[in-house]
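Taking it in order: structure first as structure tokens, then the write-up.
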Amino acid sequence: MKKYLLSFVILLSTFIHCFGEEGMLIPSLISAFESDMKAKGMKLSAKDIYDVNNSSLKDAIMHFGGGCTAELVSGTGLLLTNHHCGYSQVQSHSSLEHDYLKNGFWAKNHSEELTNPGLTASRMVRIDDVTASVLFGVNPSDNPMVREAAMRKNIEQLIKDAVTGTHYEAEIKPFNYGNDYYIIVKEIFKDVRLVGTPPNSIGKFGGDTDNWVWPRHTGDFSVFRIYAGVDNKPAEYSDKNVPYTPLHFLPISFKDRKVGDFTMVYGFPGETEQHVSSAYLKFIVDKERPARILMRQKSLSVIDAAMRSSDEIRIKYSAKQASIANAYKKWIGQVDGLKQLDGVSIKIGREKEYTDMAATNETWNKAFGQSVALMNKLVSEGSDWEFKYSMGIEYLYVGPEFYKLARGLDDLMKNYTKYEENGELAAVIEKSIKGAQGFFKNYDAGVDQGIFDLLTVEYVKQMNSDLITSSCGNIDVLSKAIFSKSVLTNEARYIAFLKKLNKKSIAKLQKDPGFKLFSKLFADFKENVVPNYQLFDDQMTALLKNYVAGKYEMFPDAKHWSDANSTLRITYGKLEGSAPTDGMMYTEHTTLDGLIAKNNTGNPDFELLPRMLEMHKNKDYGDYAQNGELWVCFTGSNHTTGGNSGSPVIDANGNLMGLNFDRTWESTMSDYMFDPNRCRNVVVDIRYVMWVMDKYSGAKHLVDEMVLVKE
């Protein structure tokens, strides 16, 4: 569901207080906020930030891998993002012989930079409002299928017109639940190479203990480089490709920081849901999130123990563990923050203001007077389908890994005849074998069985269903059969099956204990849960579209901003600490001294390699210190969410201050509700990044590529 938030500034003093920090602004509309940004200290113009006719800051901001943000920092395509954003690439290049996770990696020259098949970095060429064009000729009174067909035809033509004669790609996304549409034209680079990464003791310092927590001392960064063809345009990997020459790259700010400094985050926030009704928020806080937290807690109990027992398993599961743990801990903080703020009561108050305003005008009352009641009613009637959908995602997609292999095999089985008739079968099987080899490289059956045993019991309980036990019998017996006999849990069995694939073996597959279980569960999920969830989601989206339209119409003088939807956005605020709870005050920055103090506690999440202890003892900070201290991280009052990982934090003059990588635990509620007193984004200071490259890692040649601004 695509959401859009209207701040009730004229109604609630809370919103008046927080405007300027809250909000994720569409870059093409930034001129409307220029005066406010300058009042807060910005020295740039709106055109410096976003300009389609000349190079601007937007040309240095890249969508990294589709899920994070990165920024260009040199004229030869050098790219910075978070350590956790590049973690899967680092993990894929790691082995017991080359343990880049533990020891780090730094290419000494271009020839040593490591390729990453499938990794992309995308530059946004332009973002335009095409609402009128998308809706041209669409009759609101037509039935939904006719309207959608007309809109789809318009969208296809708009995209064709935008990219014809170029090497660009384009997509059109709904904003404001379909009240608005924007076209995003982008340039997608397909040769992105790993240049360097610090060891986990820096890049993941604090581990799960510190994740989403302040104070933070994590050097969460990694370094990549974009390569292009000799014409400087995107190209598939080739040893003839050359480093990309960007339209713009960010200079590095070495200027001393102070509380109150202007900060701007420019990146690709994933999703916020600021408009959900009070009943839906209560459903999230009381039911959906706690159940998902429990599922992930059980998976992590198995994975964490296995990683501690073996370096081989540690390397195999590092990226997977980080992904599961990240959302797990975020959700805990999210629920806690919403409860502490009493977010449901705040929602109820805002809904009353909305409904009361609608009642003051007959036209408004007819159009919007029932919006809130209808949304809350729909939650009571249909949210159980969203719960079942969430549990299915946690179990079938995030849980036991052999289900991933089963999904691929299920597709192969269903399309077997087509592949055979088209002469594609041999190629498809060969591709499946290569995919399986990659899968089993990072797979341990013992770990997966432990996850299966715990999650299957919990899934049956949460779904209130006997589908597994009635179809497949005792779970313990089923588990032993799957992990001793199934083709899905052993590389040799699986590849042997693929190599001898025929219609007879396909028929026998239905008796395979792992595939048999998957088939029953996945069929129920796709045929029963997904359609009903989709119906609930579509109905809620339609109600939210009307609800938000009412906000525009009834409160025309309020300031509007669109919920995040993985498109390029800007948020601005200042460098500052916070007081999230009674009796607690967070300072705005941390230093290397605090990192060493954590190491002294003996917690394994705070382990350091000997070099860090030595350099701290010698205070070997070079030009990277401020008043004798080496800043590690700082916090800002910028409104961020998932997808903002790796986003540049930019100063008043357009220079890079640091890399956004997290929020404080008290801030994770901002996906649903932003509180200016507690919500803070966490940033690794760019001077610490440079120090780790130069002094700690001996990669000064990378620092020398960059433009350093000290005044």
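Observations
- Whichever residue in segment 667-686 is among the polar types (S, T, N, Q) and not in a helix (DSSP H, G or I) and, among such residues, is surrounded by the most Cβ atoms within 10 Å (Cβ to Cβ): N681
- Scoring A699 on the criteria (1) touching a strand residue (DSSP E or B) at 6+ places or on another chain (Cβ under 8 Å); (2) closer than 19 Å to A70 by Cα leaves a single failure, condition (2).
- Of the strands (runs of 3 or more DSSP E) lying entirely inside segment 602-666, the ones with 2 or more residues being touching a residue at least 40 places away in the same chain (Cβ under 8 Å), of a type in the set (A, V, I, L, M) and buried (at least 21 other Cβ atoms within 10 Å of the Cβ) are found at 648-650, 656-663.
- Residue list for segment 212-231, restricted to those being out of contact with any Cys (no Cβ under 8 Å at 6 or more places or on another chain) and over 29 Å from P117 (Cβ atoms): W212, V213, W214
- Tabulated pairs, segment 476-491, first over 16 Å from S519 (Cα atoms), second among the aliphatic types (A, V, I, L, M) and in a helix (DSSP H, G or I), C-beta under 6 angstrom, 6+ apart or interchain: F483/A445
- S56 being in contact with a helix residue (DSSP H, G or I) (Cβ under 7 Å, 6 or more places away or on another chain) and either charged (D, E, K, R) or within 22 Å of P199 (Cβ to Cβ) (or both): no
- Among the helices (runs of 4 or more DSSP H) confined to segment 491-557, the ones with at least 1 residues that are within 30 Å of V379 (Cβ to Cβ), under 32 Å from the mean Cα position of the chain (by Cα) and not assigned by TED's automatic domain parsing to the domain that holds Q437 are located at 530-554.
- Checked against (1) touching a residue at least 60 places away in the same chain (Cβ under 8 Å); (2) assigned to a loop (DSSP other than H, G, I, E, B), G583 passes all but condition (1).
- Close contacts from segment 231-260, counting a first residue that is not assigned by TED's automatic domain parsing to the domain that holds T81 and a second that is modelled with pLDDT of 95 or more and part of a loop (DSSP other than H, G, I, E, B), with Cβ to Cβ under 9 Å and a gap of 6+ residues or different chains, come to none at all.
- Pick from segment 292-303, criterion surrounded by 20 or more Cβ atoms within 10 Å (Cβ to Cβ) and of a type in the set (A, V, I, L, M), ranking: farthest from G67 (Cα to Cα): V302
- Lone qualifier among A306, A359 - being among the small types (G, A, S), crowded, with 17+ Cβ neighbours inside 10 Å and either more than 20 Å from Y443 (Cα to Cα) or not assigned by TED's automatic domain parsing to the domain that holds M673 (or both): A306
- Scanning segment 309-352 for residues that are in contact (Cβ under 8 Å) with a residue 24 or more places away in the chain and more than 27 Å from T581 (Cβ to Cβ) yields a total of 12.
- Residue within segment 428-440 that is touching a Ser or Thr at 6+ places or on another chain (Cβ under 8 Å) and in contact (Cβ under 8 Å) with a residue 24 or more places away in the chain present: no
- Subset of segment 440-466 [of a type in the set (D, E, K, R) and either outside the structural domain of V487 (by TED's automatic domain parsing) or at pLDDT below 95 (or both)]: K441, E458, K461, D466
Conditions tested, residue by residue: (1) modelled with pLDDT of 95 or more; (2) within 30 Å of I686 (Cα to Cα); (3) within 19 Å of the chain's Cα centre (by Cα); (4) of a type in the set (F, W, Y).
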| position | (1), (2), (3), (4) |
| --- | --- |
| T164 | yes, no, no, no |
| Y168 | yes, no, no, yes |
| I172 | yes, no, no, no |
| Y182 | yes, no, no, yes |
| E187 | yes, yes, no, no |
| K190 | yes, yes, no, no |
| R193 | yes, yes, no, no |
| G196 | yes, yes, no, no |
| S201 | yes, yes, no, no |
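- Filter pass, V689 being surrounded by 17 or more Cβ atoms within 10 Å (Cβ to Cβ), of a type in the set (V, I, T), in a helix (DSSP H, G or I) and at pLDDT 95 or above: yes
The values are calculated or read from the model by the stated rules, or taken from the named source; none is laboratory data. Only a predicted model underlies this, so the values are computations on that prediction, with no experimental measurement involved. Here Cβ is always computed from backbone atoms with ideal geometry, including for glycine, and neighbour counts include all displayed protein chains.
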